[in-house]
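Only one structure is covered here, and it is reproduced in the block below.
The values are calculated or read from the model by the stated rules, or taken from the named source; none is laboratory data. What you see is a predicted model; the values in this text were computed from it and never measured. For neighbour counting, all protein chains shown are included, and Cβ atoms are generated from backbone atoms with ideal geometry for every residue, glycine included. Accessible surface is based on the protein model in full, side chains and every heavy atom, while ligands, DNA and RNA are left aside. Shrake-Rupley method; radii C 1.70, N 1.55, O 1.52, S 1.80 Å.
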Amino acid sequence: MKFAKSLASASAVAAGLFSMIAPSTVEAAENGAGFYLLGARGPMAGLLAPPGTYFQNDNYFYVGELKGNKQLPLGGEIVGEVDATLVGVFGTGLWVMPEEVLGGNLGFTAIVPFGGPDVDATLSAPRAGRSANASDSIFTVGDPVLGATLGWHEGNFHWTANASVNVPIGDYQKGQLANLSFNRWAGDFTLAGTWFNPETGFDISGAAGFTFNGENPATDYRTGTEFHAEWAVTKHFGQEFSAGVAGYFYQQVTGDSGPGAGLGPFKGRIAAIGGTMGYNFKMAETPVSLTLKVFQEFGAKNRPEGTAGFVTIAFPIGTPPAQVK
């Protein structure tokens, strides 16, 4: 039990922070992007951290391309031959209330994204005075995301219900190919679960949910409803190290719409598989969790396909939690 408590306390710092995740440029829909970041949940996906205050920083990268005769709605343009790169930093604060709510613990999150999308593309119908080949890059602040998580524990099982909303107040440049902000309201609801056996060190986790999108008023484009699922199977080697495999799947279930949806419904799909490694340690008396995840995508439809990765560090602020209740 000592192993279970110390491992759960450290792992919860990383695994429990995300009641949603911040923007990216790697899904389908308008700009080939949805605000739920695929691959963010993995090991310990269903474990909410014990009552307390936490900070998590995700350094995220993505490199992908859209080639052949495929097209993408991007920045109000129809483009092809896309090469896209994103380096993003997503800072997350989490507060888990000490009071019990509906038999579990309730947490609130706030995420602020910073990033530098870099896009090269060919315009299908360039406007007068504009070249058919276009490049755009920016480093800016994206839309903040607010969320809430309700988590429960029962023996080796841990599960959460998560809700989040994208608030469209970040820097958005109309007509530009590279944007970190989405300029639209969007909400996500996700259920996540974890089975963790402290005796064997095995963790089997999964999460699935739906994202619902409002219209981008700058482009008159409304992205359809999106389904996403993630999974991870990992082995913990003592209290410090863990390693395993992980993956995700994305499918747009309703079509895009609005006057700006020049490619019609444009339903997207993608899958990915990869690996994950974790290292838990202490700085003074503060438990710190460091996680590395890398994914290779395949089976893309109506979106870029590429490689994504996370380097995540998370820790409690103030008095470290003693255990998961």
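Every residue in the range 157-179 that is closer than 23 Å to GLY42 by Cβ and touching a Ser or Thr at 6+ places or on another chain (Cβ under 6 Å), please.
Residues satisfying the conditions are HIS158, THR160, ASN162, SER164.
From PHE298, PHE310, grab the single residue that is within 25 Å of MET44 (Cα to Cα), modelled with pLDDT of 95 or more and open to solvent by less than 30 Å² (accessible area, probe 1.4 Å). Before the answer, list the steps.
Values: PHE298 fails: open to solvent by less than 30 Å² (accessible area, probe 1.4 Å).
Testing whether each residue is within 25 Å of MET44 (Cα to Cα), modelled with pLDDT of 95 or more and open to solvent by less than 30 Å² (accessible area, probe 1.4 Å) leaves just PHE310.
Restricting to the range 145-186, name every residue that is of a type in the set (Val, Ile, Thr) and surrounded by fewer than 21 Cβ atoms within 10 Å (Cβ to Cβ).
Across the range 145-186, the qualifying residues are VAL165, VAL167, ILE169.
Condition check: open to solvent by less than 60 Å² (accessible area, probe 1.4 Å), of a type in the set (Val, Ile, Thr) and more than 17 Å from the chain's Cα centre (by Cα). Does THR234 satisfy that?
Against the criterion (open to solvent by less than 60 Å² (accessible area, probe 1.4 Å), of a type in the set (Val, Ile, Thr) and more than 17 Å from the chain's Cα centre (by Cα)), THR234 qualifies.
What number of residues within the range 255-294 satisfy the criterion of being surrounded by fewer than 20 Cβ atoms within 10 Å (Cβ to Cβ), among the charged types (D, E, K, R) and over 21 Å from TYR221 (Cα atoms)?
The number of residues fulfilling the criteria is 2.
Please determine whether any residue of the range 60-77 is among the β-branched types (Val, Ile, Thr), open to solvent by less than 10 Å² (accessible area, probe 1.4 Å) and either in contact (Cβ under 8 Å) with a residue 24 or more places away in the chain or closer than 19 Å to THR286 by Cα (or both).
The answer is no; no qualifying residue exists.
What are the residue pairs meeting all of these: first residue in the range 82-100, first residue surrounded by fewer than 21 Cβ atoms within 10 Å (Cβ to Cβ), second residue outside any strand (DSSP E or B), Cβ atoms under 6 Å, and 6 or more apart or on different chains?
Taking only residues 6 or more apart or on different chains, the pairs are PRO98/PRO51.
Which pairs do you get when a residue that is over 26 Å from LEU38 (Cα atoms) and β-branched (Val, Ile, Thr), found in the range 275-290, comes within reach of a residue that is assigned to a strand (DSSP E or B) and open to solvent by 10 Å² or more (accessible area, probe 1.4 Å), reach meaning Cβ atoms under 6 angstrom, with the pair 6+ apart or on two chains?
Here the result reads THR286/PHE315, each pair linking the range 275-290 to a residue that is assigned to a strand (DSSP E or B) and open to solvent by 10 Å² or more (accessible area, probe 1.4 Å).
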